[in-house]
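FYI, it's all coordinate maths here, none of it is from the lab. Remember, it's a predicted structure, so these values are computed and weren't measured experimentally. Virtual Cβ from ideal backbone geometry, glycine too; neighbours counted across all protein chains shown.
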Amino acid sequence: MRESDHEIDAKSLKQKKLPNNMDEEINMIENLPDAMLLHILSFLPAKDALKTSILSKRWRHLWMSVSNLYFEEWRPDKFVMFMNSAERAMMCRDVPRIEKFSLSSHMLNSACINALISNALSFKVQDFSLRLVYVGVPILLPHHLFSCPTLTVLNLEEVTQFPCTACLPNLKKVRLSCCLLPHQQSLLQFFSGCPKLQKLILNRCFWRDANLGFISTPMPEPVDITQLSSTTCLPDLKELELSFCLLPYGQSMVQFFGDCPKLQKLTLKECQWGLAKCLYISTPMLESLVICDATSSSGCKVVISGANIKSFSYHGDLTTTYCLCSSSIVDACIHVSSKGMIERGGREKEVAHRLHKLIMECCNVKHLELSPDTLEALAYAEELDLPVFQRLTHLELKRKSVDLSCRALNRLLQKLPHLDCLDFRMGIFLSKKHKNFALDPLPPCFLTQLKIIKIHTFSLTDEELHAVGILFRVSTVLEKVYISGGRLNQNKISMLARESKFEIISM
């Protein structure tokens, strides 16, 4: 359709009578300054931003000044049209810089793709994202992509060709996902060319086979960051996220984190410890640690040390033993696998004892997040006494609804003398078979400290009302109850608290 045809369509739309509220909305948008309109257009895909040129004379050239360009097309039959549209968008630009550039497509024509990338780089792009799905033999990306002095963010997905060196003096964030990385020494040289790197994410990345040039097996070896620890130094790195990576151990791990003196946030997702018997995670500035365990990491002991760790989060089935050597942790989150999965593996006692040890080492936290599965796993170690959480004021129970009759829950509540807020993120219930149930012994915090109860996803079933009624009756200093749910009935809930003084608030 020609541009004149677009204008005719736009005029015909204007001639139709619009509702008064729509006229007001259109006038409100038209009254916005150009800077605000450009900001709105910067969130749209390039092809949609281009379509706004038919709206009016004011909009005809406005899209040319958008600082963010997002190109995406996955239909092979539309590739030629897509590239023509992208080339036009680049040629018509009237601003000297591109802040964000994103390209997602099949690699059907390497010359066209590389020309588009080179064109974008000529606009001093700062944030560059690329996802290419290859059809045929992979091609080498333009070398100046890896020597662009203005780049601050680089996001590459499913890229299989990398140069041996890079010169990215202002690069601060790198995310490599599902990439085939160069040989280990080349990767060292690559990162040595990024002296200001602050955030590094490696997700499902693999090494290139030295002989074949491609992946040598159906399931290639994950990146072994041991090879990054011998000579590289990342002095400004603050965030590191590794997913499906092979981690170093012993002195290699110590040296690796010694090369990251400013590291503040570390995330390990489904990483493998290999043959390691003991793994050390220690860096002086570390504040946040997130671990999502891999089932293949059995038989390893992980020692975590840091004087400034404030937040610790664990998700997994505790095939690994963890030692938290830090008394500074304020927020802790522990979620273990479902009871059924643990029982099928015959690991009830092993998981319970490792979980007990982890909870013991989190006894100084102020905020604790657990799941019902974690409580059920803890029930297999009833012979072990829990610590007293002297500083804990907020307990959050997530992932699924909590059974108030759970013995491990009552055991834990007994050890929370200063609990101020009890938060049931997925609700709470009590089976009808527990008609005469009572919290026995009653946790002291219900009589002296507990002021806030939060109950989410509340649907007013008899089992839920039974549990809530007991909580309301025994919480003598309760001040506020926050409740949310799809079928919330304020009157019915208020009946439970008619004789109480606390306030019920709908979320």
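Average the reciprocal distances over every distinct pair of alpha-carbons in the range 54-152, invert the result, and give the Kirkwood radius in Å. Working shown, then result.
Numbers: mean 1/r = 0.0701 Å⁻¹.
The Cα-based Kirkwood calculation yields 14.3 Å.
Beyond 28 Å between alpha-carbons counts as too far, so tell me which of 196/301; 398/451; 357/451; 78/199; 265/349 fall in that bin. Present the calculation step by step, with values, prior to reporting the outcome.
On the way: 196/301 33 Å; 398/451 20 Å; 357/451 30 Å; 78/199 36 Å; 265/349 32 Å.
Distance filter (> 28 Å) returns 196/301; 357/451; 78/199; 265/349.
Determine the distance separating the Cα centre of the range 314-375 from the Cα centre of the range 277-291; give it in Å without decimals.
With the range 314-375 and the range 277-291 each reduced to a Cα centre, they are spaced 17 Å.
Apply the Karplus parameterisation 6.51 cos²θ - 1.76 cosθ + 1.60, with θ equal to phi minus 60°, to every residue of the range 35-50 and state each ³J(HN,Hα) to the nearest whole Hz, in sequence, with x for glycine and proline.
Going residue by residue, I get 4, 5, 5, 5, 4, 5, 5, 5, 8, 8, x, 4, 5, 6, 4, 5 Hz, with x marking Gly and Pro.
What does the charge add up to near residue 268, with Lys and Arg as +1, Asp and Glu as -1, over the other residues with Cβ less than 13 Å from its Cβ?
Details: positive: 265, 269; negative: 239, 241, 270, 293.
Combined, the nearby Lys, Arg, Asp and Glu give -2.
Rank by packing, highest mean first: peptides 311-317, 441-447, with packing defined as the count of other Cβ atoms within 10 Å averaged across residues. Working shown, then result.
On the way: 311-317: 19.3, 441-447: 16.7.
Most protected by this proxy first, the peptides run 311-317, 441-447.
Take the Cα gyration tensor of the range 370-410, multiply each eigenvalue by 5, square-root it, and list the three semi-axes largest first, rounded to whole angstrom. Each step should come with its number before you reach the end.
Values: eigenvalues 55, 48, 14 Å².
For the range 370-410, the semi-axes come out at 17, 16, 8 Å.
Show me 187-197, 41-51 ranked by packing, highest mean number of other Cβ atoms within 10 Å first.
Packing proxy ranking, top to bottom: 187-197, 41-51.
Mind giving me the FRET efficiency for residue 292 and residue 410? R0 is 22 Å, r the Cβ-Cβ distance, nearest 0.05 is fine. Don't jump to the answer; show the numbers that get you there.
Values: r = 29 Å, r/R0 = 1.33.
Taking R0 as 22 Å, the efficiency between residue 292 and residue 410 is 0.15.
For labels at residue 349 and residue 84 in the simple 7 Å Cα→Cβ model, what's the distance in nm?
Label at residue 349, label at residue 84, 7.4 nm between them.
Over the range 322-428, what lengths in whole Å, largest first, do the semi-axes of the equivalent ellipsoid take, defined as the square roots of 5 times the eigenvalues of the alpha-carbon gyration tensor? Provide the component values of the computation, followed by the final result.
On the way: eigenvalues 83, 57, 30 Å².
They are 20, 17, 12 Å, listed largest first.
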